[in-house]
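A short write-up of the structure that comes next.
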Amino acid sequence: MPNVNGPKMIVGLLLAGMLMISGCSTGEPPADSGKSAVTATPSPAAIAVLAKADAADGTVDKVVSKCVTCMLGMDGNPENSAAYGEYSVHLCSKDCRETFVKDPEKALLALKFPEEK
Ligand SMILES: [Zn+2]
């Protein structure tokens, strides 16, 4: 985030914010550096779906281990993972990962859970 072009006021606000954040930093490492390409911030609706999909795989660990592109019908493969917000999403195949990465919001908002008829 080396944005040096913004107005000084905004830079000041950012600095103040960073100071506040660093004051109570938990030292959380950047999620899953490497093959995860998606770094956008999910919408609240998408986060709700992510949380549900996370819980649906049996463990609430910010890792969605079922393929969301396959409506959680397939096990995800860590080899085909993508980070979205705080979540790490495991897709079952490279194709599914591409579909997800191309438009995570669409993929998540289209996701249907088995208990939702
Ligand atoms: Zn899939």
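Bear in mind these aren't lab numbers, they're just calculated from the coordinates by the rules spelled out. Treat the numbers as computed from the prediction; the structure is a model and nothing was measured. Please note: Cβ atoms are built from the backbone with ideal geometry, for glycine as well, and neighbour counts cover all protein chains shown.
I want the local charge near D75. Using Cβ-Cβ distances under 10 Å, sum +1 for each Lys or Arg and -1 for each Asp or Glu among the other residues.
0
How much length would be gained if the chain were fully extended between N77 and A55, taking 0.36 nm per residue of separation minus their Cα-Cα distance, in nm to one decimal?
Going from the current span to full extension adds 6.2 nm.
If you add up the charges near D54, with Lys and Arg at +1 and Asp and Glu at -1, over every other residue whose beta carbon is less than 9 angstrom from its beta carbon, what do you get? Write down the numbers at each step before the final one.
Numbers: positive: K52, K62; negative: D57, D61.
After counting each charged neighbour, the total is 0.
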